Amino acid sequence: MEIYEDELESRITKLIIEYTLKDWIDLASVDVVVVGAGPAGLTAARYLSKEGLKTVVFERRLSFGGGIGGGGMLFHRIVVEEEAKRILDDFGVKCRLTDYEGLYVVDAAELMAKLASGAIDAGAKIVHGVTVDDVIFRPEPLRIQGVAVQWTAVMMSGLHVDPLFVMSKAVVDATGHDAEVLSVASRKIPELEIQLIGEKSAYSSLGEKLVIEGTGRVVSGLYVAGMAVAALKGTPRMGPIFGGMIISSRKVAKIIIEDLKG
Ligand code: 48F
């Protein structure tokens, strides 16, 4: 252990910077940018990567799982339905059958960990501490071609620092309740004619159904999955039942795979 005693600190620095920069150079152009490492983003990332699409997930926080960790009012379980359970089986997540037919309970920590490792094992790259604050667009035909990224810490500091860009064939807004990517695109590119209606109050069964129905391509190059669908379409929230998130993001992956691979 003492072989690098005189220079271990400098070697740590060199290795971290060298390998991180290699990653970032590789990430300058990808097939799919997924914004948000919540249940929707992580699930989509697994199925996109499994098909060989080069996929990066940018997550503003230093953690995985988005709203999963909070369970329901900090009670550390969430609920899923039968169809989502079959997808979670593929991630190795244990779903406990309950006395209510078709409803399963899942441990929140296990779900966060296994969704993340399922995405990473399939080949997705997840980068923490990075916020997507804008999109890249091109006219004729009008389309989205990537995102602008900034360190979350820089954004929190209030410093004026220009972002960097990541180009992609598809961008997925999996940012949850605020639909942040759709929101910036609708504000800054009005010709896209994206209208965010804003999510409705709770109606769990309808919310689950409509979030899946509303999942898909919003404009060329820009897709929506998970709770961001509710913000876009004005559909009801569902609370800590997560089947809709899982099925929606599996669906968005299928649509993107068809669009990109034919
Ligand atoms: O909020 P989040 O979990 O969204 P989701 O995947 O799932 C929604 C459920 O958690 C729950 C629900 C279901 O019953 O109602 O709320 O649709 O995960 C969104 C992730 O995106 C990150 C955010 O930190 C969170 O981890 N995020 C949000 N905006 C940005 C972002 C951004 N601009 N750039 C990067 N990450």
Q: Please state which one of Ser201, Ser220, Ser249 is touching a residue at least 60 places away in the same chain (Cβ under 8 Å), open to solvent by 40 Å² or more (accessible area, probe 1.4 Å) and in contact with a Pro (Cβ under 9 Å, 6 or more places away or on another chain).
A: Ser220
Q. Quick one: which of Thr215, Thr152 is near the ligand (Cβ under 10 Å from one of its atoms) and polar (S, T, N, Q)?
A. Thr152
(Q) List pairs: first residue in the range 23-42 and in contact (Cβ under 8 Å) with a residue 24 or more places away in the chain and of a type in the set (Asp, Glu), second residue more than 16 Å from the ligand (Cβ to nearest atom) and open to solvent by 10 Å² or more (accessible area, probe 1.4 Å) anywhere in the structure, Cβ distance under 8 angstrom, at least six positions apart or on different chains. (A) Asp31/Leu53; Asp31/Lys54; Asp31/Lys169; Asp31/Leu260
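A quick yes/no check of all residues on (1) open to solvent by less than 70 Å² (accessible area, probe 1.4 Å); (2) among the β-branched types (Val, Ile, Thr); (3) away from the ligand (no atom under 13 Å from the Cβ):
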{"site": "Leu142", "(1), (2), (3)": "yes, no, yes"}
{"site": "Ala148", "(1), (2), (3)": "yes, no, no"}
{"site": "Lys169", "(1), (2), (3)": "no, no, yes"}
{"site": "Ala174", "(1), (2), (3)": "yes, no, no"}
{"site": "Val184", "(1), (2), (3)": "yes, yes, no"}
Q: Considering every residue within the range 95-104, establish whether at least one is among the small types (Gly, Ala, Ser), under 29 Å from Leu260 (Cβ atoms), open to solvent by less than 50 Å² (accessible area, probe 1.4 Å) and away from the ligand (no atom under 15 Å from the Cβ).
A: no
(Q) Quick check on this structure: which one of Gly92, Gly66, Gly70 is within 12 Å of the ligand (Cβ to nearest atom), at pLDDT 95 or above and at positive phi? (A) Gly66
Q: Of the conditions (1) touching a Leu at 6+ places or on another chain (Cβ under 6 Å); (2) near the ligand (Cβ under 10 Å from one of its atoms), Val132 clears all except one; give me its number.
A: (1)
Q: Check Ala108, Ala113, Ala124, Ala179 and return the single one that is within 15 Å of the ligand (Cβ to nearest atom), open to solvent by 30 Å² or more (accessible area, probe 1.4 Å), touching a residue at least 24 places away in the same chain (Cβ under 8 Å) and among the aliphatic types (A, V, I, L, M).
A: Ala113
Q.
With the condition being within 21 Å of Gly216 (Cβ to Cβ) and within 11 Å of the chain's Cα centre (by Cα), I'd like the strands (runs of 3 or more DSSP E) fully within the range 30-127 carrying at least 2 qualifying residues.
A. 55-59
Q) So, of the residues in the range 231-246 that are farther than 22 Å from Ala108 by Cα and touching a residue at least 40 places away in the same chain (Cβ under 8 Å), which turns out to be nearest to the ligand (Cβ to nearest atom)? A) Ala231
**Q.** Scope the range 1-57; condition surrounded by fewer than 10 Cβ atoms within 10 Å (Cβ to Cβ) and aliphatic (A, V, I, L, M); matching residues
**A.** Met1, Ile3, Ile25
Q. Using beta carbons and a limit of 7 Å, which pairs, at least six apart or on different chains, have the first residue in the range 81-98 and over 18 Å from Glu208 (Cα atoms) and the second one small (Gly, Ala, Ser)?
A. Phe91/Gly118
Q. Would you say Ala253 is more than 9 Å from the ligand (Cβ to nearest atom), within 18 Å of Val56 (Cα to Cα) and at pLDDT 95 or above?
A. yes
(Q) Quick check on this structure: which one of Glu199, Glu208, Glu213 is at pLDDT 95 or above, in contact with a His (Cβ under 9 Å, 6 or more places away or on another chain) and more than 27 Å from Glu140 (Cβ to Cβ)? (A) Glu199
Q: Just give me the residues in the range 25-55 being away from the ligand (no atom under 11 Å from the Cβ) and within 14 Å of Gly146 (Cβ to Cβ), in sequence order.
A: Leu27, Ala28, Ser29, Val30, Asp31, Val32, Lys54, Thr55
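The values are calculated or read from the model by the stated rules, or taken from the named source; none is laboratory data. Predicted model only: the values in this text are computed from it and were never measured. Reconstructed Cβ throughout: ideal geometry from the backbone, glycine too, with neighbour counts over all protein chains shown. In case anyone asks, the SASA skips ligands and DNA or RNA and just uses the protein heavy atoms, side chains included. Shrake-Rupley method; radii C 1.70, N 1.55, O 1.52, S 1.80 Å.
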